Structures are given as C-alpha cells and as structure tokens.
Amino acid sequence: MRITEKTALVVVDAQIDFFEGGALAVPGSNAVLPAIQSSIDKFLSKGRPLFATRDWHPADHCSFKAQGGIWPPHCIQNTSGAKFHPKLRMPPSLIIISKADQKNKDAYSGFQETDLNAELTKRKISEITVCGLAIDYCVKHTALDARKLNYRVYLLTDAIMGVNVKAGDSSNAIREMEKAGVIKIISGELE
Ligand code: VGL
Ligand code: ZN
C-alpha cells in the first residue's frame, strides 16, 4: 500500500507485559518486533503521524482475576510492564492514546472513550494501518471500530500476534476483520 497524506500508523499495545516474558505474554510476540519497527520507520520516513495505543489499567482493574476478571494483572499505570517494548524506537512525535484507564470498565478498542478518532480527524486522516498486540483482542476491536467510523483499514499481518485463549481465536479474528472490510498487507508492501 502507498503511504499518503491521508495515512497514519496505529501501533496497538506494543507494551512489555504483552511481549514474551511479560505479565500477559502473547506467545510468539517477540518475533513481530522487527516488522513493527520497520513499519514505524517507513511511516516516519514519509513524515506521517504515528499513533500508539496503550492498555493503561489502575492496579485494581476489573479485568484482573482478583476483581473477577479473566486476566492476570497487566499494564498497570506507570509500571515498567506498561512501557512500550524497549526494542522499539518510538519518535518524540509519537501520539500516545491510553485506554481502559477506569477501574470499572475494560476497553479493547483504541477508539473506546479516547481521543483517537478526534486526533485522526483533526489531521484529515482517513486511512490507518494497524499492527501490534493482540490480534484477538485490541487489534481486532480497534480495526473493527475504525471500519465502523468509515476509515479504510490495512492490517499488517506480519506485525501482529494473538493470545489464542481458545485455539483458532486469531484466525477467526482476522476473518472477522476481513468481513468488515479490513485489507490484509505485509510490512514489505509499505511504500
Ligand atoms: C489486551 C487482553 C487484555 C490487548 C488488553 O491489548 O489485546 N488483551 N487487555
Ligand atoms: Zn488489558
């Protein structure tokens, strides 16, 4: 795909806790670090804006097992696990979108109760390229919400990885995104 003045990259939840060794490690996730980085570099070389969503939970978040949720504690605000992976070089111009920062609400989409749509609209961006973690949760919901908001959405299939709580969750999520009009590409196709 051609990166134009209408395009921005959205890196979803590329945080230490979601990579291997993290509190909610996505299996195989470290393997996609180089493709995430090359996508970041490609967009920056074109002078395009870079957005990064981050899971940003309070320590007693409702999605954690101690509060009756399904996840181990992860991405707690201002902890090291909530930081972007240190192997990723993010520019100073990075626009950070924090989500799920309220105790009693979870949010898998980068658009849910955030400024993401407003920040994109303000810059006249109508298409987004999505990469990051996890395919079957935050990547999926972010891409589907973007389609609902009428963005053209490209999914970087070599720069995403899924949790697969149930076998097949990631491939089902990709199918669901495609049905909603999301276009699959690989990072080598960015130009
Ligand atoms: C996510 C599980 C829990 C994600 C966030 O970023 O995909 N997954 N919280
Ligand atoms: Zn979370």
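With r defined as the distance between the Cβ atoms of Arg89 and Asn30 and R0 fixed at 22 Å, what FRET efficiency is calculated, to the nearest 0.05?
0.90
Give me the net charge of Lys140's neighbourhood, meaning all other residues with Cβ under 10 Å from the Cβ of Lys140; Lys, Arg count +1, Asp, Glu -1.
In short, -4.
Determine the order of Thr114, Thr53 by accessible area, beginning with the largest, at a probe radius of 1.4 Å.
Descending order: Thr114, Thr53.
Using amide H atoms built 1.01 Å from N in the peptide plane, name the residues 5+ places from Asp158, or on other chains, whose amide H lies under 5 Å from its own.
Long-range HN contacts for Asp158: Ser187.
Would you check the accessible area of Asp106, probe 1.4 Å, heavy atoms only, in square angstrom rounded to 10?
My reading of the accessible area for Asp106 is about 50 Å².
Calculated from DSSP H runs of 4 or more alone, at -39500 (n - 2.57) each and per residue, what is the 222 nm mean residue ellipticity of the chain, nearest 500?
Calculated from helices alone, the mean residue ellipticity at 222 nm is -6000 deg cm²/dmol.
Please list 3J(HN,Hα) in residue order for region 150-158, calculated via the Karplus relation 6.51 cos²θ - 1.76 cosθ + 1.60 where θ = phi - 60°; whole Hz, with x for glycine and proline.
6, 6, 6, 10, 9, 10, 7, 5, 9
How big is the accessible area of Glu191 in square angstrom, nearest 10, if you roll a 1.4 angstrom probe over the protein chains?
100 Å²
So for the pair Thr79, Lys65, with labels modelled 7 Å out along Cα→Cβ, what separation do we get in nm?
A separation of 1.3 nm, rounded to one decimal place.
In degrees from 0 to 90, rounded to the nearest 10, what is the angle of the helix 169-179 Cα long axis to the longest principal axis of the chain?
40 degrees
Test of understanding: in a Gaussian network model of the chain with alpha carbons linked when under 10 Å, which of Ala118, Ala25, Ala134 would top the mean-square fluctuation ranking?
Of Ala118, Ala25, Ala134, the most mobile in the Gaussian network model is Ala118.
Ordering Ile96, Ile76 by how much accessible area each has at a 1.4 Å probe, largest first, what is the list?
My answer, sorted largest first, is Ile96, Ile76.
Using the Karplus curve 6.51 cos²θ - 1.76 cosθ + 1.60 with θ = phi - 60°, work out ³J(HN,Hα) for each residue of region 126-134 in order, rounded to whole Hz, and write x for Gly and Pro.
10, 9, 10, 10, 10, 9, x, 10, 9
Taking amide H positions as placed in the peptide plane 1.01 Å from N, state which residues far from Leu50 in sequence (5 or more) or on other chains have amide H under 5 Å from it.
For Leu50, the qualifying residues are Ile95.
Considering the chain as a Gaussian network with a 10 Å cut-off on Cα pairs, which listed residue, Gly28, Gly68, Gly162, attains the greatest mean-square fluctuation?
For the chain, modelled as a Gaussian network with Cα springs under 10 Å, the answer is Gly68.
In whole Hz, what ³J(HN,Hα) sequence does region 2-16 give by Karplus (6.51, -1.76, 1.60; θ = phi - 60°), x for Gly and Pro?
8, 7, 10, 6, 9, 9, 9, 9, 10, 8, 9, 6, 7, 10, 3
Length gain on complete extension for the stretch Ala180 to Asp41, per 0.36 nm per residue less the alpha carbon to alpha carbon distance?
47.2 nm is the gain from fully extending Ala180 to Asp41.
The values are calculated or read from the model by the stated rules, or taken from the named source; none is laboratory data. None of the values given here were measured: they were computed from a predicted structure. Please note: Cβ atoms are built from the backbone with ideal geometry, for glycine as well, and neighbour counts cover all protein chains shown. With ligands, DNA and RNA removed, areas are computed over all heavy atoms of the protein, side chains included. Shrake-Rupley method; radii C 1.70, N 1.55, O 1.52, S 1.80 Å.
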